[in-house]
Amino acid sequence: MKKNEWKEKIQREFPFMKQTGNSNDNTYRRWGFECSGGWYELLRDCCQQITDRYKKAGIEIDFVPVQVKEKFGTLRFYYEFEDAPLKIAAFDFIGSCSVRFEPENKADDEIKKNFRHDIATIVRVAEERSKHTCENCGKEGVLRKDLGWIRTLCDECYDERIKVIENSKKKRTENKPEDYMG
């Protein structure tokens with residue numbers, strides 16, 4: 001699959017994930033996915049489960065993605081419902097500490113409250129899976145904290161990244177100060 005083809009596939013298959021590119025108040029609608037294609041299957045599964053849950057409940061989809069990104073090596077999938085906007089999605093801290101907020105669940109009835117709780121669980125499970133899924137290729141991965149940027153990578157992608165870092169360092173040490181002067 002080409003670099004961004006996975007993004008288009010998700011948008012075609014799940015209309016609620018359609019990116020419009022012109023929203024000033026919705027980061028996802030404006031910029032789309034802010035993560036790598038290794039999480040395609042994980043995101044596709046999440047969207048399918050959301051769709052299936054709406055279908056089972058007989059409710060029209062009112063799920064609105066607000067931002068889908070990588071942060072501190074894991075997936076962050078912020079969302080709201082059409083009748084429950086999300087003002088603040090999370091406070092994330094380096095390491096494993098994160099305070100998450102969900103759209104206010106002021107549903108009129110208990111069935112809808114439980115339904116929205118189920119949607120939140122689907123999203124959280126996908127985010128949790130990202131901790132063990134290489135964000136580059138989708139293979140089993142490990143959260144890596146020694147790269148200068150926290151990433152979830154499989155051994156192969158990790159080794160490749162280490163080589164890139166080492167080559168970059170080598171190039172910098174080989175250059176002389178006069179190489180930088182005009």
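Just so you know, all these numbers are worked out from the coordinates, no wet-lab data involved. Please read these numbers as outputs of a predicted model, since none were measured by experiment. Glycine gets a Cβ as well: all are built from the backbone with ideal geometry, and neighbour counts include every protein chain shown.
Sequentially through segment 60-72, phi angles give Karplus couplings (6.51, -1.76, 1.60; θ = phi - 60°) of 5, 5, 10, 6, 10, x, 9, 7, 10, 8, 9, 8, 6 Hz, Gly and Pro residues having no value and appearing as x.
Residues whose amide H falls under 5 Å from that of Thr152, counting only those 5 or more places apart or on a different chain, are Glu135, Arg144, with hydrogens built in the peptide plane. Taking a ≥ b ≥ c as the square roots of the eigenvalues of the Cα gyration tensor of segment 1-65, is the shape rounded (a/c under 1.5), prolate (a/b larger than b/c) or oblate? Oblate, because a/c is 1.5 or more while a/b does not exceed b/c. Rounded to whole numbers, the Karplus 3J(HN,Hα) couplings from phi for segment 37-42 are x, x, 9, 3, 4, 4 Hz, using 6.51 cos²θ - 1.76 cosθ + 1.60 with θ = phi - 60°, and x at Gly and Pro.
Calculated FRET efficiency, Cys137 to Glu8, Cβ-Cβ distance, R0 = 22 Å: about 0.70 to the nearest 0.05. Between Ser168 and Asn24, the modelled labels are 3.5 nm apart [label points 7 Å from Cα along Cα→Cβ].
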